[in-house]
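Asks: This is the structure I want to talk about, given as structure tokens.
Any read-out appearing in this document is the output of simple, stated calculations on the displayed coordinates, not a laboratory observation. Fair warning: this is a prediction, and the values are worked out from it, not measured in the lab. In this analysis, Cβ positions are derived from the backbone assuming ideal geometry, glycine residues included, and neighbour counts consider all displayed protein chains.
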Amino acid sequence: MSGLTRTLPDAAATEAVGMALAACLPEALTVTLAGDLGAGKTTLARAVLRGLGHTGAVRSPTYTLIEPYECGGRRVFHLDLYRLADPEELEFLGLRDLFERPAVVLVEWPERGAGVLPAPDLRLALDAGGTGRTLTVEACSEAGETALSALRAHLPD
Amino acid sequence: MRVLGIETSCDETGVAVHDSARGLLAHCLHSQIETHARYGGVVPELASRDHVRKLAPLIREALERAQTPRTALDGIAYTRGPGLAGALLVGAATARAMAFALDIPAVGVHHMEAHLLAPLLEADPPAFPFVALLVSGGHTMLVQVAGVGRYRLLGESLDDAAGEAFDKTAKLLGLGYPGGPAVERAARDGDPGRFRFPRPMTDRPGLDFSFSGLKTHTLNTARREGDAPQTVADIARAFQDAVIDTLAIKCRRALDETGVRRLVVAGGVGANAALRERLAEVARRRDARVHYPRIEFCTDNGAMVAHAGCLRLPGEGSRDDAFDIAPRWDLESLAPPGDAVTAPAAGASAPGAGSRG
């Protein structure tokens, strides 16, 4: 499976990636967003939601763990597993209900859900160094591969 | 009327007994922070499992302390939403089952309404109308309160809540948990002049907040400046000054725009001494007054739910054995007690929110 790496000098660059990614998403895709506190995961997720047509507030799901959205008839879920102590706790959030029908699922802190969270289609990682960020995108399924090719066309080297 | 109140919307299990004639008779709380300390820093399991374990003993304890046998209760109130679906279900199921067994009415109350009305539990309650600032780990909002059930949302956070920004900043600076008191402590030794952080969304009109950018600003500053104790204190100070300044500016605007002269502050961040000082100054200049619930009722608790239940039960209590929860529930959709209350259909907008009663 293939990948992509880009340098993001500022928050605007992170947002541009989110908007581009939104344009490449099929009806159902699970995307994980890894990276430390302040790396820009929520900024990216917010831009994806904006790109999908959401206009209201994008509240941080850190305390609610999950925020559902309806964007132009499609289901989108924004998860933040930061506070999860045990991946099994995902059961309490109704994780299974979530994957019953097609949905775009954006997951921050996916490592806290390891073993219970379904395998992602796309794996994104943001690495903070200095003031800029390094983004790596990795496709982990056929659907992820298709989305990644489309994303590559949106993000020239 | 004597009401048992049950709060299980997030991490805290709260139970209380409130009597509309005699006031608060007892309140008990099982908090995540205590568990945290007791188990030596192990993050506790997610709310629902903990609520299941803690709720029944807490109800027994609250009734004992209130010297109220179960049969002397006139009704039961529980938090119906907003909150975590699994956590809400524990409180709702327990309350409905107990009310059914006792053949008394139960009512599901709105968590944020309960917070807004908590200052009415104090000896010197604010009169209506007032402006309320709710600032906690999960919420940051300004609400105009014309009366019970008459709420207008003036502004809210578009991303991170203020308390969440404190928690994450504490984590970034290695200051420990809970973040609010940790940052406040560090900031006391900080030099207010060394760094200046932006005041998000204060340069344009409006009463909405945004705090996620401050977190990134903190991270970038910490990376650049290093982690010497004085530097950490200076960063904590700059961060806290920025949050407090932002909250104070928005409160000032809210008072000016509404012409209201009473400000109510609830939520965990309301315990911050520097914030209280700033808001006192804002109020003094406007001949306004700031009201706070006592510290233990700033955070989630059962007393506020029992109190809101006393107001809602007469018109809205029911003996249904079926129930639902509302993980997402718009505060502005509430009506004054006795009128029809609108709420989203169960499961309409949130996963796991189905009516399982």
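Asks: With a cut-off of 13 Å, note down the residues of the range B:131-156 whose backbone N falls inside the zone around a label point 7 Å from the Cα of A:Ala11 toward its beta carbon.
Replies: Zone members listed by number: none at all.
Asks: As I understand it, the dipole of the protein assembly as shown uses +1 on the Cβ of Lys and Arg and -1 on the Cβ of Asp and Glu, about the Cα centre. Which of B:Ala335, A:Ala12, A:Gly144 lies farthest toward its positive end?
Replies: B:Ala335
Asks: Then there's this: List the lysines whose Cα sits under 26 Å from the Cα of A:Lys41, skipping any in the same chain fewer than 8 residues away.
Replies: By straight Cα distance, A:Lys41 reaches B:Lys168, B:Lys171, B:Lys215.
Asks: Tell me whether the range B:226-270 comes out rounded, prolate or oblate; compute the Cα gyration tensor, take square roots of the eigenvalues as a ≥ b ≥ c, and use a/c under 1.5 as the rounded threshold.
Replies: In terms of gyration-tensor shape, prolate.
Asks: Sticking with this structure for a sec: Which angle from 0 to 90°, rounded to the nearest 10, does the C-alpha axis of helix B:273-285 make with the longest principal axis of chain B?
Replies: On a 0 to 90 degree scale, this one is about 90.
Asks: Taking every DSSP beta bridge that has both residues in the range B:128-292, what percent is antiparallel when rounded to the nearest 5?
Replies: Restricted to the range B:128-292, the bridges split so that about 60 percent are antiparallel.
Asks: For the range B:128-292, with the dipole built from +1 on Lys and Arg beta-carbon atoms and -1 on Asp and Glu ones, taken about the Cα centre, which of B:Thr216, B:Leu175, B:His291 lies farthest toward the positive end?
Replies: The residue sitting most towards the positive pole is B:His291.
Asks: Mind checking the dipole of the range B:196-255: about its Cα centre, +1 per Lys or Arg Cβ, -1 per Asp or Glu Cβ, Debye to the nearest 20?
Replies: 200
Asks: Follow-up question, since we're still on this one. Nearest 5 is fine: what % of DSSP beta bridges in the protein assembly as shown come out antiparallel, could you say?
Replies: For the protein assembly as shown, the DSSP antiparallel bridge percentage is about 60.
Asks: Follow-up. GNM on chain B, C-alpha springs below 10 Å: top fluctuator among B:Pro205, B:Pro336, B:Pro178?
Replies: Between B:Pro205, B:Pro336, B:Pro178, it is B:Pro205 that shows the largest mean-square fluctuation.
Asks: Something else now. Please give, to one decimal in nm, the separation of the simple spin-label points placed at B:Asp245 and B:Ala56, each 7 Å out from Cα toward the Cβ.
Replies: Between B:Asp245 and B:Ala56, the label points sit 5.4 nm apart.
Asks: Any chance you could give the angle, 0 to 90 degrees and rounded to 10, that helix A:11-24 forms with the longest Cα principal axis of chain A?
Replies: The angle comes out at about 70 degrees.
Asks: Any idea what angle helix B:229-258 forms with the longest principal axis of chain B, computed on alpha-carbon atoms, 0 to 90 degrees, nearest 10?
Replies: So the inclination is approximately 60 degrees.
Asks: Based on DSSP, what percent of beta bridges with both residues in the range A:53-107 are antiparallel, to the nearest 5?
Replies: Of the beta bridges lying entirely in the range A:53-107, close to 60 percent run antiparallel.
Asks: In the protein assembly as shown, with Lys and Arg counted as +1 and Asp and Glu as -1 at Cβ, which of these residues, A:Tyr82, B:Thr68, A:Thr64, has the Cα nearest the positive end of the dipole, that is, farthest along it?
Replies: The residue sitting farthest along the positive end of the dipole is B:Thr68.
Asks: Among A:29-35, B:117-123, B:225-231, how do they line up by average Cβ neighbours within 10 Å per residue, starting with the highest?
Replies: Ranking the peptides A:29-35, B:117-123, B:225-231 by packing returns A:29-35, B:117-123, B:225-231.
Asks: Hey, which aspartates and glutamates would be in cross-link range of B:Lys54, C-alpha to C-alpha under 16 Å, not counting anything within fewer than 8 residues on its own chain?
Replies: Correct list for B:Lys54: B:Glu7, B:Asp11, B:Glu12, B:Glu34, B:Glu45, B:Glu64, B:Asp300.
Asks: Okay, moving on. Quick one: grab the alpha carbon gyration tensor of the range A:36-112, order the square roots of its eigenvalues as a ≥ b ≥ c, and give me rounded if a/c is under 1.5, else prolate or oblate depending on whether a/b is larger than b/c.
Replies: Oblate is the answer for the range A:36-112, as a/c is 1.5 or above yet b/c matches or exceeds a/b.
Asks: Under the √(5λ) rule applied to the eigenvalues of the Cα gyration tensor, what semi-axes describe the equivalent ellipsoid of chain B? Give them in Å, descending.
Replies: So the equivalent ellipsoid measures 35, 23, 18 Å along its semi-axes.
Asks: Under a 10 Å cutoff between Cα atoms, tell me which one of B:Gly317, B:Gly259, B:Gly163 has the largest fluctuation in the Gaussian network model of chain B.
Replies: Per the Cα network of chain B with a 10 Å cutoff, B:Gly259 tops the list.
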